[in-house]
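To keep things clear, I will list the structure first and then write my remarks on it.
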Amino acid sequence: MTEIERLREQLKRLRLHTIASIFEDEAGKASKSQMSYTAFIARLVDEEVVSKTDRSINARIAKARFPAIKTLESFDFSFSRHCLRLR
C-alpha cells in the first residue's frame, strides 16, 4: 500500500471524506503555487467544513419531509403588492 493510499484510508476512517477525495489535486496546486503547509491544510479543512455543513443541511431537509422545497428566489412577490404598502 502506498503512502497516498494509506492516507486516503485513514482520512476515510476519520470520516474526512472530502479531504480524502481532494487532497492529491490540492497538493499539486499547493506545490505549483508554493503555498505554505499551513495554508494547504487550512484549504483542505475549509473544504471539509463546507461539505459537512452542506450534507448536514440536506440531511435535515430530507428528515423534515417537506412536501416541496421552496426558496426565496422562487417566491412570486408580484401577487401580494397590497401587503407591501405601509399606508
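Since every read-out is calculated from the coordinates, none of them should be taken as a lab result. Just so we're clear, the structure is a prediction, and the values are computed from it rather than from any experiment. Note: ideal-geometry Cβ built from the backbone for every residue, glycine included; neighbour counts use all protein chains shown.
Data overview
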{"item": "Those lysines that a straight Cα-Cα span of less than 30 Å connects to residue 63, excepting residues fewer than 8 apart in one chain", "result": "12, 52"}
{"item": "Table column - 3J(HN,Hα) (Hz), region 44-60, Karplus curve with 6.51, -1.76, 1.60, x for Gly and Pro", "result": "4, 5, 4, 5, 5, 4, 4, 5, 5, 5, 4, 4, 5, 4, 5, 5, 5"}
{"item": "MRE, 222 nm, helices only [DSSP H, n ≥ 4, -39500 (n - 2.57), over the chain, to nearest 500]", "result": "-22000 deg cm²/dmol"}
{"item": "With Cα atoms, 0 to 90° folded angle of helix 3-13 axis to the chain main axis", "result": "40 degrees"}
{"item": "Rounded if a/c under 1.5, otherwise prolate or oblate - the chain, Cα gyration tensor axes", "result": "prolate"}
{"item": "Sum of side-chain charges, residue 10 neighbourhood, beta-carbon under 15 Å (Lys, Arg +1; Asp, Glu -1)", "result": "0"}
{"item": "Charge dipole magnitude, Cβ of K and R +1, D and E -1 - the chain, Cα centre, debye nearest 20", "result": "700 debye"}
